[in-house]
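The numbers here are math on the coordinates, done by the rules we state, and not lab data. This is a predicted model, so every value here is computed, not measured. Every residue, glycine among them, receives a Cβ derived from its backbone with ideal geometry; neighbour counts consider all protein chains shown.
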Amino acid sequence: MPSKYQPQLSCWREDLYKGIYTTKLHLSNNKKLRFVNDDYCEFSRRLAGMNFYLRWILCLMLLFGVIASLFGVLFGLYFIIYSLGETSLSVLIGTTGLFILYFFLQVILNLFYAPDDCPIRLNRKTGKIYLYEHLILYTGTWKFLKNSPFKAKKITIKEFDWADIQGVVTCVSAPIAKGGVIRNYRLECVVCEPNTTYVIDHFLLVMSSILNYDEWMWINSYMAFSDENLDKKLKPEDEFSWPIKINWPEEIDKKSKASSLEEYQQIDDEYKKIKED
């Protein structure tokens, strides 16, 4: 049975229930909760394992890969053209080498310039959600490869209505040499046109090798003002953090913390006047 949200996401597995999740046990936030009060909450979307030391190690390894690939391509072209006299083969080698260099450059720049987190804010008083988006979240997808590596610093802020958000799970499986299968689960949110199931955008909420719905259940209950079973313990502070910090734009920061739709509208009108002037 296909997803009711169309166009269906690649590797779709299931659609999720949206509403209050009643349980006698606390709804865990999997140590992803960055902040919470009666107006809004903020969840971490940091990729697993993306810590300070690992980033530096990966950056250094990839930099070495870029240098080695560049020298390898130049030496290969020199040998083919001047020693073998093959021009057609040199085009193939050169094209392959450029693709490898492009891949290394894409990964290293995005690793280096990605912020220490890409959180999501959800305001239950205004019914709005806010995404702090960076391409690093989409590593391993076509979206990552086709983007220019020179836009690695680009941060995109998106605002949606919670009423238009639905949850789905996608899954990618790959066999292991020793036997068995490794799976990667992605809990994604699709953005539908109001009062329809037509998907106009989607974004990553959680990615894990274990299938669970904790964050989705927690957020649903919070947005429905059902706080009784919510685990509100905040994400522990890291001993070290990446130099590129989260920096919400002033307008978005104020809107996301508004205590009512009236306050939200006042902030929106204020910044519209500033932009017009």
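Taking the Cα centre of the chain as reference, the dipole from Cβ charges on Lys and Arg (+1) and Asp and Glu (-1) amounts to some 840 debye. The label point for residue 4 and the one for residue 125, both projected 7 Å from the Cα toward the Cβ, are 3.3 nm apart.
How tilted is helix 87-113 with respect to the longest principal axis of the chain? Cα atoms for both, answer in degrees (0 to 90, nearest 10). Tilt of helix 87-113: around 30 degrees. With an a/c value of 1.5 or above and a/b not larger than b/c for the gyration tensor axes a ≥ b ≥ c computed over the alpha-carbon atoms, region 9-55 is described as oblate. Applying 0.36 nm per residue to the separation of residue 150 and residue 245 and subtracting their alpha-carbon distance, the gain on full extension is 32.3 nm. When the charge dipole of the chain is built from unit charges on Cβ atoms (+1 for Lys and Arg, -1 for Asp and Glu) and taken about the Cα centre, the candidate among 252, 229, 162 whose Cα reaches farthest toward its positive end is 229.
By the equivalent-ellipsoid construction on the alpha carbon gyration tensor, region 143-277 comes out with semi-axes of 32, 22, 19 Å, ordered largest to smallest. Label-to-label distance for residue 157 and residue 253 is 0.9 nm, based on points extended 7 Å past Cα in the beta-carbon direction.
A crude spin-label estimate for the pair residue 260 and residue 63, with each label 7 Å from Cα along the Cβ direction, gives 5.4 nm. The fraction of all Cα pairs in the chain landing in successive 5 Å bins from 0 to the largest distance is 1, 5, 10, 12, 15, 15, 13, 10, 6, 5, 3, 2, 2, 1, 0, 0, given as whole percents.
Report, to the nearest 10°, how far helix 261-276 tilts away from the longest principal axis of the Cα atoms in the chain, using its own Cα long axis and a range of 0 to 90°. Computed tilt is about 50 degrees.
Taking every alpha-carbon pair under 8 Å whose residues sit at least 6 apart, the chain reaches a relative contact order of 28 percent. Selection among 185, 261, 36 by position relative to the dipole of the chain gives 185 as farthest towards the positive end (Cβ unit charges, Cα centre).
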